[in-house]
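Encoded as structure tokens, the structure appears first; notes follow it.
Please treat every number below as a calculation from the coordinates, not as lab data. As the structure is a computational prediction, the values presented were derived from the model and not from experiment. Here the Cβ is made from the backbone with ideal geometry for all residues, glycine too, and neighbour counts use every protein chain on show.
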């Protein structure tokens, strides 16, 4: 199955076209590159409907008056409206329409509609007629060539219950609002106020557990309430006249708690009816407490990976010092400092003893604990030479190796798989494979680069005995599995007499651990500032 891999890359847009910081989705289509803008607001990712249309089909229509984008596909059109929770899918052949309700509204940003991707994707997929996958944590979007039958019973069940659109009823009413219909939906309750014309002046709010719709400049049929039947959570409806304006009061069944974030009012884009959507409790969890969603991104978990261990001793120094012991000693010292000075951050070790851990398991441990930074600690050695004058610290990012030396370091660290029973799960990290691997890590690469830069800068201040050889890049299997900002640190060369002695000393382990800790402190400040800007 042919896939188009789409990954999310952070960037600061300098153009005055958009009023705020945006990010971009980098779209890989063979040798071509395309970009899809998106924003993150209160923990929710929104993407540009216009640009998404261009990427998928190359065609859309924007109505600036109605503030509506019509995404045009081969057999169906998808209509989305600004500050609205309803998506309309229309057939190009029989002109039938289905309306779907999402739990939160779209955003209007300078003549473009930004849709909440998590809640919108299934409807884009239905109109596009091809399977689309999305991982919000890794910010990866995958468009496949696998076709889907748009309105099979299975797809209807998957996408909840559609709201079937009927043609505007013919009425002889001389009033602006003449009827009310209430529908109990799978994802909430929909109130439809039937109108004879477009009404622009209205708003809704929640007060004392009741919902109030305030209407200006419109008349209501005195027989309006005759068509009302208690439905869903709505039990009573009253019409009041307050200072010359109309007010409709909705009372809910006992025990129903409704907040402002759980409802919205809008105009039906096809009939001009006034629509009030109320989320049920299952959907309200997405929006009622955004602080919980935001809390997921707090810098609260550090994952420390002591390289090698057990039957895998790693590199061996001039005097027989084993890399696995050096790595574990630094990792445990770093954990000790973290607990003393940054106790609000949970420290997760991939190993705390002389134990063999498979490379793939190390990433799984990090992901399972929702780590915010992954640091894999190692010690280097000049391959094929017992003793060497080459010395120094290096910090690596997960990217194709640019130099033969970097490739050699990665090959040595990756040779751990020789100790594993199932080697087939590791694909060779060729340049071609790295296009896919790098894209999967692109969402966190900016942060990986930032931490690597901070650590490299702090190294010269905190570790005088081992010089820094800079930030480098290579293909390490251990970094592939960690879905978070991650680096691999080579603390020195065991094939160098001075480096080996320093790394094997208590002073050396303490200074290295303390330098890494200070870098974490600096990085956390940067990370927290970025999270505030994005949310």
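Summary of computed values
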item	result
Order by protection proxy (mean Cβ within 10 Å, highest first), peptides 218-227, 445-454, 371-380	371-380, 445-454, 218-227
Extension gain from residue 61 to residue 461, taking 0.36 nm per residue of separation minus the Cα-Cα distance	138.3 nm
Segments 508-515, 60-67 sorted - mean Cβ within 10 Å per residue, highest first	508-515, 60-67
Highest-first arrangement of 43-56, 190-203, 97-110, where packing means the average Cβ count within 10 Å	43-56, 97-110, 190-203
Spin-label proximity, residue 75 to the stretch 92-135 - amide N less than 19 Å from point 7 Å beyond Cα toward beta carbon	92-100, 122-133
Order of 459, 297 under a 10 Å beta carbon neighbour criterion, fewest first	297, 459
Whole-angstrom gap from the stretch 315-379 to the stretch 53-104, using each part's C-alpha centre	50
Computed FRET value (nearest 0.05) for residue 251 with residue 510, which takes r as the C-beta separation and R₀ as 60 Å	0.35
Residue 346 paired with residue 108, simple spin-label distance in nm, labels 7 Å along Cα-to-beta-carbon	4.3
Per-pair calculated FRET efficiency, R0 = 56 Å: residue 356 and residue 201 via Cβ, rounded to 0.05	0.20
